[in-house]
1. Taking the Cβ of each residue in L188, L14 as the centre, tally the other Cβ atoms inside 10 Å and list the residues starting with the fewest.
2. Give the Debye-formula value of log10 I(q)/I(0) at each listed q (0.10, 0.14, 0.15 Å⁻¹), with one equal scatterer per alpha carbon of the chain, two decimals each.
3. Could you work out the relative contact order of the stretch 1-62? I mean the mean sequence separation of Cα pairs under 8 Å and 6+ apart, divided by the number of residues, in percent.
4. Based only on other Cβ atoms within 10 Å, what is the fewest-to-most ordering of H186, H54?
5. Considering only DSSP states other than H, G, I, E and B, which trypsin sites (Lys or Arg not before Pro) in the stretch 161-231 qualify as loop sites with at most 11 other Cβ atoms within 10 Å?
6. Over the chain, what is the mean sequence separation of C-alpha contacts under 8 Å (at least six apart), divided by residue count, expressed as relative contact order in percent?
7. Full-extension gain between L30 and L113, please, as 0.36 nm times their residue separation minus the C-alpha to C-alpha distance.
8. Mind checking which helices in the chain clear 24 Å along their axis (Cα) and have mean Kyte-Doolittle hydropathy of -0.5 or more, DSSP H runs only?
Amino acid sequence: MMSYIWWSLPLTLLVFFGARKLGSLIKNPLLNPLLVSMLVIIPVLMFTHIPYDHYFKGSKILNDLLQPAVVALAFPLYEQLHQIRARWKSIIAICFFGSLVAMCTGTAVALSLGATPQIAASIMPKSVTTPIAMAVSSSIGGIPAISAVCVIFVGILGAVFGPTLLSLMRITTKAARGLSMGAASHALGTARCAEMDFQEGAFSSLSLVICGIITSLVAPFLFPVIVAIFG
């Protein structure tokens with residue numbers, strides 16, 4: 001097993017930074033570093049028959065750095081504190097509405113298509129960061145592992161297509177773009193915003209935090225109502 005572990009971290013870093021370099025050379029939203037890395041590493045693990053647990057142990061340090069990275073998002077938030085104070089009512093209202101839309105749409109569509117309440121509960125917190133989504137899912141009867149997959153999927157979709165979609169809709173205000181990306185695609189969307197514009201990243205980081213809090217508070221009460229209507 002040790003022979004599998006030692007190269008997990010170098011492989012991950014090599015593929016990720018290679019994907020970033022490719023994305024900088026070829027401007028295509030589909031060349032998102034995380035998406036490209038997954039499309040490369042997953043087939044490698046399948047072809048070499050290496051269990052994911054072994055791969056994860058070798059690159060665990062990257063997972064451990066996730067929490068400090070999320071905390072670091074507070075810095076651009078602090079830099080824009082003066083604007084946040086001036087607009088806090090609008091920001092709270094936007095994040096609240098965005099959280100409701102994110103929770104209601106996914107859950108309602110899942111139930112309408114015949115999903116069980118357990119699966120619908122797993123999908124409901126898809127637009128918040130993984131730890132919060134898994135906790136919310138567990139509290140309303142969902143499967144945390146499925147919630148984690150949904151969060152990753154939604155985050156990648158938002159990071160890849162979100163900026164393009166906002167541009168097509170002619171949404172150019174940095175605050176609006178950042179808040180919408182944070183509400184819809186959590187940390188991955190926030191990271192994408194931070195790459196494009198410092199101010200967008202700050203508002204996306206703020207939206208990420210507020211929407212996470214709103215979802216954790218509202219979901220237990222909202223889920224039975226949606227089930228009663230669409231279940």
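Computed from the coordinates by the stated procedures, all read-outs in this text should not be read as laboratory data. The structure displayed is predicted, hence computed values, not measured ones. All Cβ positions, even for glycine, are placed from backbone atoms using ideal geometry, and neighbour counts span all protein chains on display.
1. By the 10 Å Cβ count, ascending, the order reads L14, L188.
2. -0.50, -0.96, -1.07
3. In percent, rounded to a whole number, it is 52.
4. Going from least to most buried by this count: H54, H186.
5. Answer by residue number: R170.
6. That works out to 20 percent.
7. Taking L30 through L113 to full extension adds about 27.1 nm, to one decimal.
8. 8-25, 88-112, 144-168, 198-230
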